[in-house]
Amino acid sequence: MKTAPAGALAPLSLEVRALEKRFSTGRPAVDGVSFSVPAGEIVVLLGPSGCGKTTTLRCVAGLEHPTAGSIHIGGRVVSSPADGVMVPPRRRDIGMVFQSYAVWPHMSVRQNVMYPLKHRPGTSADANRKVAETLELVGLSDYIDRPVVSLSGGQMQRVALARSLVYHPQLLLLDEPLSNLDAKLRLRLRDELRRILKRTGMTALYVTHDQAEAVVLGDRVGVMKDGKLLQMASPNEIYNRPATLFVANFTGASNEIAGRFIGDQRVDLAGQAMQVSPMQPLVAGEPVRIALRPESIALGRCDAVNGYRARVLDCRYLGTQTVYDLELFGQRLEGLELGTATRHQIGSEIDVSLPPQACWAYPDSGASQEA
Ligand SMILES: Nc1ncnc2c1ncn2[C@@H]1O[C@H](COP(=O)(O)OP(=O)(O)O)[C@@H](O)[C@H]1O
Ligand SMILES: [Mg+2]
């Protein structure tokens, strides 16, 4: 369902091609990034701090001059250094929401949300109606006449969001908008944000370092590292078929086991064989790394395939789950079991099973990919 009133412009697609941004020092901040956001979709760029998310967003907004590549909004070129094209930010019809609550402290909620309409065509009745509709959308109708400084952090961030939505930009850019909120509020607003964005039908590019946020919000998620886009796919695909060891690690498959590929989906681990799922082409004899989620290790169970004995080195009881440090193949692995009881004792030897479909094997590039 879309709330955009008749006459509002349709959302536009975004296309980023071979984007590169070099600052005067260091390696490129954005290094050959290509992706597209179809009209009305939410695409999330996910990656650790410093990987180039904000720089990519600022290039799309026109706040940063790309070094190379091109950016297209609704099929129109807005940045292309090779062709001397650089459309200024105000001519890109983009809404932006940042980490800090960019609100005018001396104004009321209504005045804040009205602000972007001041210099746009339309009657004041129109403007009032748009402000009321947008505040309804973000759940702040009851606060319309409050001074903005009397609101909580989460409410202020909703005002900032309303202010970016009120003029129906054709593209919305959001840079870690939830990261200044406390944990509980962050979760609530995260779930709401997807509903709000989907109701507006807006095309959105959202950046975050939080994998849970990416999964909840994104129709598609792109994982970035060192200025490069490693994989862009549906959340389901990112979680079930991570293209690289880094993507697997960054999205929670935090165990890394080093071994040597035997061939036929089997890996040698210091004399023990393990069945794996190769995620990239592997050559017999080549060193590999296996990524495995802590929750994929079945504790206290001995399967016919990949059933082993492990020693419990340590455990941390978290209330609704227990995390175990295990010694297996002479390596330290983390296992996780749901439930309010801790079932295995420190120092004991237990059965463990590692389902082959959860043991993703990648070529060993040398460096550990720990995120
Ligand atoms: N104005 C700038 N001048 C020089 N280097 C910058 C500038 N802005 C960002 N960088 C560098 O570019 C890289 C990517 O930064 P950024 O896009 O902010 O990453 P992220 O948003 O993923 O944390 C970092 O190494 C950062 O230090
Ligand atoms: Mg950033």
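The numbers here are math on the coordinates, done by the rules we state, and not lab data. Note that the structure is a prediction, hence the values are computed from the model and not measured. Here the Cβ is made from the backbone with ideal geometry for all residues, glycine too, and neighbour counts use every protein chain on show.
Table for the structure above
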{"item": "Percent antiparallel among DSSP beta bridges (both partners in the chain, rounded to 5)", "result": "75"}
{"item": "Approximate spin-label separation Lys184-Ser152, in nm, with each point projected 7 Å along Cα-to-Cβ", "result": "0.7"}
{"item": "Gain upon complete extension [Ala68, Lys228; 0.36 nm per residue less C-alpha separation]", "result": "56.2 nm"}
{"item": "HN-Hα J in Hz across the range 239-246 - Karplus 6.51, -1.76, 1.60, θ = phi - 60°, x for Gly and Pro", "result": "7, 10, 9, x, 6, 10, 4, 5"}
{"item": "Efficiency of FRET between Arg260 and Ala304 - r from beta-carbon atoms, R0 30 angstrom, step 0.05", "result": "0.85"}
{"item": "Number of Lys pairs (Cα under 12 Å; 8 or more positions apart or on different chains) in the chain", "result": "5"}
{"item": "Charge dipole magnitude, Cβ of K and R +1, D and E -1 - the range 218-297, Cα centre, debye nearest 20", "result": "100"}
{"item": "Cα centre as origin, Lys/Arg/Asp/Glu Cβ charges: the range 255-363 dipole, Debye", "result": "20"}
{"item": "Under the Karplus curve 6.51 cos²θ - 1.76 cosθ + 1.60, θ = phi - 60°, whole-Hz ³J(HN,Hα) for the range 340-348, x wherever Gly or Pro sits", "result": "8, 10, 8, 9, 10, 8, 4, x, 7"}
{"item": "Neighbour net charge for Ile262 - beta-carbon separation under 12 angstrom, K R +1, D E -1", "result": "-1"}
{"item": "Computed E for Gln331/Ala212 - FRET, C-beta separation, R0 25 angstrom, nearest 0.05", "result": "0.40"}
{"item": "Net length gained if the chain between Ala102 and Val87 were fully extended (0.36 nm per residue, minus Cα distance)", "result": "3.0 nm"}
{"item": "Given charges at beta-carbon only (K, R positive; D, E negative), |dipole| of the chain in Debye", "result": "1360"}
{"item": "Leading residue at positive end of dipole, the chain (Cβ point charges), from Ser100, Ala361, Tyr317", "result": "Ser100"}
{"item": "Gln321 long-range amide H proximity, modeled H, under 5 Å", "result": "Gly339"}
{"item": "Within the chain, longest stretch free of exposed trypsin sites (Lys or Arg not before Pro) [DSSP loop, at most 16 other beta carbons within 10 Å]", "result": "119-300"}
{"item": "The range 333-350 and the range 270-316: distance between their alpha carbon centers, rounded to Å", "result": "17"}
{"item": "MRE, 222 nm, helices only [DSSP H, n ≥ 4, -39500 (n - 2.57), over the chain, to nearest 500]", "result": "-6000 deg cm²/dmol"}
{"item": "C-alpha center-to-center spacing [the range 168-195, the range 210-238] in angstrom", "result": "16"}
{"item": "Estimated inter-spin distance, Ser348 and Asp126, nm [label 7 Å along Cα→Cβ]", "result": "7.2"}
{"item": "Under 5 Å, built H, 5+ apart or other chain: amide partners of Cys359", "result": "Ser277"}
{"item": "Simple spin-label estimate for Ala341 and Ala270 in nanometres, 7 Å along Cα-Cβ", "result": "3.2"}
{"item": "Which of Val283, Thr340, Ala304, positive extreme of dipole for the chain (C-beta unit charges)", "result": "Thr340"}
{"item": "Under the Karplus curve 6.51 cos²θ - 1.76 cosθ + 1.60, θ = phi - 60°, whole-Hz ³J(HN,Hα) for the range 46-61, x wherever Gly or Pro sits", "result": "10, x, x, 4, x, 7, x, 5, 5, 4, 4, 4, 5, 5, 5, 6"}
{"item": "Sorted by Cβ neighbour density within 10 Å, fewest at the top, the residues Ile238, Ile257, Ile71", "result": "Ile257, Ile71, Ile238"}
{"item": "Positive-pole candidate from Gln211, Leu193, Val159, dipole of the range 14-240, charges at beta carbon", "result": "Val159"}
